[in-house]
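Scroll down for the structure; my scribbles are underneath it.
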Amino acid sequence: MSRSRSGAARSSPFLLAELMAWIRAHGPWRWASQGLRRRGYSGRTFVTGVPFLWLLFFFLVPFLIVLKISVSQMQMAMPPYEPFVTWTSAQVMELKVNFANYAFLWEDALYRNAYLNSILTAAVSTVLCLLIGYPMAYGIARSRPSWRNLLLLLVMLPFWTSFLLRVYAWIGILKNNGVINNFLMWLGVIDEPIVMLQTNFAVYIGIVYSYLPFMVLPLYTAIEKLDQSLLEAASDLGCRPAKVFIRVTIPLTKNGIIAGCMLVFIPAVGEFVIPALLGGPDSLMIGRVLWEEFFNNRDWPIASAVAIAMLLLLVIPIMILQRFQGQQLGAHR
Amino acid sequence: MNRRPIFVPAMMTLGFLFLYVPILLLIVYSFNESRLVTVWGGFSTKWYGELFRNEQVLDAAWLSFKIAAMNATGATILGTLAGLALARFGRFRGRPLLTGMATAPLVMPEVITGLSLLLLFVAMEQVFGWPAGRGITTITIAHITFSMAYVTVVVQSRLATLDESLEEAAMDLGARPAKVFFLITMPIIFPAIAAGWLLAFTLSWDDLVITNFVAGPGSSTLPLVIFSKVRLGVSPDINALASILVLIVAIGIFTAGFYMQRQQKRRDQDVQRAIAANE
């Protein structure tokens, strides 16, 4: 029975391979491929080259354009920025670089506060995520193997459902006549509703809630790899549980902790949806400032300068993350 | 270690409650008669009826579905190629750059990706005259760019755990690289590729920020419609919509999980039978 199943499964890749062999053996394809191979190109070049060119063109080049527009001046036209290079007369090229946008960001307290507030909000949320996520990941990694997959699935499930709708769910819970306030008033604990929506508290909850799976998964991977006998050795030698945890468990799961924190912190800094829906007018974050500069004020150069400044802030966390991800993926080599 | 047995399960329970209570409340209140979402006014399914009569939501859902399907296919092809290159080609020129570009979109704040892609499309339109205006094409390109990173990571980590000896054996027997890929590698990593496709589909289906930057008039995807409604406050038909989406995803995930577990069990049984036959 198992034989017939694998036979059926094999037929389609076989057909594909046959088709490819036929194409390769006939006509222009053959000349082209031989010509390419003579010049040192091969299938490898194709496999690497196609995604490489795509990302180069649609991911890297756009950053250069943002950089360019961030140093140009706004003008009332479409697109609303002055060209970078203008040909004033036949042969004279004029280069315009204008750092006024950055100076403006630096001097205006609104932008400075938005930056500091974003970093603070992201940092607080990351710590909260770690405090909630670590025991969860630990519990999952130490539960019976038959349970583990189900529990992991339950952590992942919210991630597959709409992010926007999960944030929306919290509006109904936190607002003045929402679930929590109604419940507390019904109990008689409070007479006046507690204002929770449109505060920083709501933003923290929103970020922790949305990014918790990103924290739990790398932690789980690290804790699962942890050698239990090391913990037993430490306690046999008279180490107390709390000390075992601090001196052995945490250092050994360091990679998971760092990866998880970066996975939460980096996107949280630039978050737009959560502060826009749950935050108040004073919980300004850079993502929201950028959005408003772009869509409401139509000031593309300032929006670009905000983006570049945010990117500078995130370069180091992104590099840390890539190093640790590389270590995790490259560990088998 | 005698205190942890209470602490860890308690934290785990609280964690899962934190994850699931909001979703459950969302579903419960979708059956609320009252227009005030959080004040219970009796059981009713009228918001579901209202949802299915809402042309704007239905059109947006169909548009989102089309874009998500196109995006998932493109992202899976590109992401699989990138994952293959990173997992199998060792060191090559441009590898550090490809690694960086393939994983940075995972964490890049969406406002930055969205803004930079929009500025690219505007510049392209000025220079090449394409894409003329913004709409489905620009949204799909933008979605592929950020969601292929997820496929790359899934495929790359699956390939990293896969023993290369099977591929080497096929190579030694004279199969060419393309044939090895379609005959050996692809069937083995197929679950990872399928997971990548589904992930890319979901990411695109759900994306608001990047889409808002690169969408044109008349290309309102479902998240854009939801966001404009949600900004005005809670509304019960959004609860109904959310419940339907959660239900679909839950069924899908559990079916996939169940199927994969069964496959694993069968594979284990096959291995055991093979061992028994050899003895």
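None of the figures in this text is laboratory data; all of them are computed from the coordinates on show. Quantities reported herein were computed from a predicted structural model and do not represent experimental measurements. All Cβ positions, glycine included, derive from the backbone under ideal geometry; neighbour counts span all protein chains shown.
To the nearest 20 debye, what is the magnitude of the charge dipole of the stretch A:108-330 about its Cα centre, counting +1 on the Cβ of each Lys and Arg and -1 on the Cβ of each Asp and Glu?
Values: 14 positive and 12 negative charges, 142 e Å.
Magnitude of the dipole: close to 680 debye.
For the pair residue A:34 and residue A:177, how long in nm is the line joining their label points, each one 7 Å along Cα→Cβ?
Distance between the two pseudo-spin positions: 8.1 nm.
Run the dipole for the stretch B:204-279 about the Cα centre, Lys and Arg Cβ at +1, Asp and Glu Cβ at -1, nothing else charged, and hand back the magnitude in debye, nearest 20.
Working: 7 positive and 6 negative charges, 25 e Å.
The dipole of the stretch B:204-279 has a size of about 120 debye.
With charges set only on the Cβ (+1 for Lys and Arg, -1 for Asp and Glu), what does the dipole of chain B come to about its Cα centre, in debye to the nearest 20?
In total the dipole reaches around 320 debye.
Using packing as a proxy for protection, rank B:161-167, B:216-222 so that the peptide with the highest average count of other Cβ atoms within 10 Å comes first. Spell out each step's value before the answer.
Details: B:161-167: 12.9, B:216-222: 18.3.
In decreasing order of mean packing, B:161-167, B:216-222 become B:216-222, B:161-167.
Which of B:139, B:244, B:210 ends up with the largest GNM mean-square fluctuation for chain B, with Cα atoms connected below 10 Å?
B:244
Whole-Å semi-axes of chain B's equivalent ellipsoid, largest first, each the root of 5 times a Cα gyration tensor eigenvalue? Write down the numbers at each step before the final one.
Numbers: eigenvalues 298, 188, 65 Å².
Ellipsoid semi-axes (Å, largest first): 39, 31, 18.
From the phi angles alone, apply the Karplus equation (6.51, -1.76, 1.60; θ = phi - 60°) to the stretch B:180-193 and give each ³J(HN,Hα) in whole Hz, x where the residue is Gly or Pro.
Values, residue by residue: 4, 4, 6, 8, 10, 5, 4, x, 6, 8, 3, x, 5, 5 Hz.
So which chymotrypsin sites (Phe, Trp or Tyr not before Pro) in the stretch B:1-70 are both in a DSSP loop and have at most 16 other Cβ atoms within 10 Å of their Cβ?
Numbers: sites: B:7, B:16, B:18, B:20, B:29, B:31, B:40, B:43, B:47, B:48, B:52, B:62, B:65; in loops: B:31, B:40.
Sparse-neighbourhood loop chymotrypsin sites (Phe, Trp or Tyr not before Pro): B:40.
For the stretch B:7-96, which trypsin sites (Lys or Arg not before Pro) are in a loop by DSSP, counting at most 13 other Cβ atoms within 10 Å? Let's see the in-between values first.
Details: sites: B:35, B:46, B:53, B:66, B:88, B:91, B:93; in loops: B:35, B:91, B:93.
For trypsin sites (Lys or Arg not before Pro) across the stretch B:7-96 that sit outside H, G, I, E and B with at most 13 neighbouring Cβ atoms in 10 Å, the list reads B:35, B:91, B:93.
Treat the count of other C-beta atoms within 10 Å as a stand-in for reagent exposure and order B:147, A:235 from fewest to most.
Values: B:147 30, A:235 14.
In order of increasing Cβ crowding within 10 Å: A:235, B:147.
Grab the beta carbon distance between residue B:169 and residue A:192, set R0 = 56 Å, and tell me the FRET efficiency rounded to 0.05.
Details: r = 74 Å, r/R0 = 1.32.
It comes to 0.15.
On C-alpha positions alone, give me the angle between the axis of helix B:110-128 and the longest principal axis of chain B, in degrees, nearest 10.
For helix B:110-128, the angle is close to 80 degrees.
Less than 24 Å apart at the alpha-carbon level, and either on another chain or at least 8 residues along: which lysines does that give for residue A:243?
In chain and number order, the partners are A:225, A:254.
When the Cα centres of the stretch A:276-307 and the stretch B:92-160 are compared, how far apart do they sit, in Å?
Answer, in whole Å: 22.
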